[in-house]
Amino acid sequence: MIGVALFGLWFVLCRQLSGEWSVNEQYSYGWFVPFFALFLFWLRWDDRPPAFAKATAWSGEVGLPSNSLGEGWIAEVRGRKRIAIAIGIGALLLLLPLRLFEIANPDWRPLGWVHTAVVVTMTLLVLWSAGGKAWVRHFAFPVAFFFVAVPWISPIEEPLVQGLMRTVAAVATETITLFGVPAQLEGNLIRVSTGLVGVNEACSGVRSLQTSIMIGLLFGELKRLSVTRRILLVLGALAIAIIANFARAFFLVWIAATQSISAVDRWHDFAGYSIVAFVFCGSLLLTAILNRNKKVGSRNEKVGNGMASTDLRPPTSDLRLLLPPFYFLLFFAWLCAVEIGVEAWYRIHERGLIAREQWSARWPEAAREFREIPIDETTRKILRFDQGRGARWRLEAGDASETEVARPVDSALLYFFRWRAGSNSALLANLHRPDVCLPASGWIQVGDYGIRSYAVSPKMSLPFRHFLFNQGMPAPGANSNPSRQRFAHAFYCLREDRVRDTSDESLGAEQFPQTPSEWSRRERIGLVMQGRRHLGQQVMEFVLLTPNDMKADDAEGRFAQALPELIEVGSRK
């Protein structure tokens, strides 16, 4: 029963964190951490301290003579029991709200740290019940090792990683300049004669930083180094990772300068795998150096002697638990109740939801000057979509009703993103919106014409919100130069896979988000109170770029005419 309960605890935790391990390559090493932790625990099990007979006063069992020493130890056991029960109850009660929030907000990183702390605490309590303080000290590292797989919270990760990226890019720029290759640093970009090398290609977010910490801690435990040497090993692994990323940045910039920007893509993966190999081999060599001249003794003898000097309880080969098995039965029953209760909470709020018709984007690949829009790594990391694509092509200015010959002066952009059910927060799809993305690119929002339903087929229509943006607008009082202005009519649709009532085709039934999500605590708590988990979403964004100040009705007419050709009903490829 104890083993099943612990397995359930760890399984739920790993399943929860696996979403981050899958979508964020920076934490892809997390898939190996559970196996490493289990292996380290198994190695520790072979030289564990001896278990001791427990004088369980509450059950009437006597394991020591009835004297002052035995009575004192019995009182100590009772005190430990009360402390263990209090800690265990607190940790288990925390699981219920924790799981409620995790289901609705699986990408909220602080929850991962709290969840891991609860699981580690319960595991150490079980070890303490089986072997006392000696077992807690002995097995603490393999159990707590799992923390290296938990994603860092954003206020810590982003400044650190961004700072290291800028440092590595700056050093690479200065170094390649010394080799006679002209290069200029522009933020996190390095400009060479052939173009710009982005920081994602140059140092990939210093992705090996967390991996190096994991490798340093792993090797330190395998060799059972002292605390001081383990710290030196981790610091050395971090230094190796930074040097490796500098070398990668220098190498890719050199490739871009001497060959072409497109050649960077061919060497990108090779350089990334080389970093991991370099960090691994460098950490292994550093471990061997730190392990030299280490005093080796019998760990069992040291543990036994140390325990004999502080604990007068007789050792025994019979493993007994300080807490009765009944407590662990309640432990397992509560875990089952939490998972059933959380699932019931969301299913109750999802009663009456009906699946909508399926649809996907149809890409006009035969259109003039059709080309893909690459989605950068930062966007992928933020949006965490399961399917995503962007494209741009030329449009003919005007339509068949016009007498003059149409000229290819207008362009169209199309983005489509798909999120499968269960893997992300329901707020996530509301991040990629025209009123968020276009202003970040220098556009100014000058109009919002609300939501209108557009026909896709005789039996289906979709709601799109119409925005107007301007780029190159002169400041108040300045001379206007119309030739430099551009206009963007953006049409945005966020579609849920399941809704409460499909019989009402009014726009109010769409529950269309009026403002971008701010990812506040209030919004996240609101998701839990509403019982709203991620049931599948998709976003389509169409942008009509034109140098002319087109009227809103004309833009909507052109979009309504083009939309049926951009939607494939009954497919989610």
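The values are calculated or read from the model by the stated rules, or taken from the named source; none is laboratory data. All figures in this text were calculated on a predicted structure; none of them were measured in a lab. Positions of Cβ are generated from backbone atoms using ideal geometry, with glycine treated the same way; all protein chains shown enter the neighbour counts. In case anyone asks, the SASA skips ligands and DNA or RNA and just uses the protein heavy atoms, side chains included. Shrake-Rupley method; radii C 1.70, N 1.55, O 1.52, S 1.80 Å.
Below, the figures for the structure above:
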read-out	value
Output for the stretch 526-552, where each listed residue is part of a helix (DSSP H, G or I) and touching a strand residue (DSSP E or B) at 6+ places or on another chain (Cβ under 9 Å)	552
Selection count where residues are open to solvent by 60 Å² or more (accessible area, probe 1.4 Å) and within 28 Å of the chain's Cα centre (by Cα), scope the stretch 218-240	2
Checking residue 66 against (1) modelled with pLDDT of 85 or more; (2) not in a helix (DSSP H, G or I), the condition it does not meet	(1)
Check on residue 163, within 30 Å of residue 197 (Cα to Cα) and either open to solvent by less than 30 Å² (accessible area, probe 1.4 Å) or of a type outside the set (A, V, I, L, M, F, W, C) (or both)	yes
Selection status of residue 140, without any contact (Cβ under 8 Å) to a residue 60 or more places away in the chain, hydrophobic (A, V, I, L, M, F, W, C) and farther than 18 Å from residue 330 by Cβ	yes
Residue list for the stretch 110-166, filter: among the hydroxyl-bearing types (Ser, Thr, Tyr) and modelled with pLDDT of 80 or more	116, 121, 123, 129
Residues that are open to solvent by 30 Å² or more (accessible area, probe 1.4 Å), at pLDDT below 90, within 25 Å of residue 535 (Cα to Cα) and in a loop (DSSP other than H, G, I, E, B), drawn from the stretch 358-384	358
Near pairs, Cβ below 7 angstrom, 6+ apart or cross-chain, from the stretch 254-283 (among the polar types (S, T, N, Q)) to any residue that is not in a helix (DSSP H, G or I)	260/194
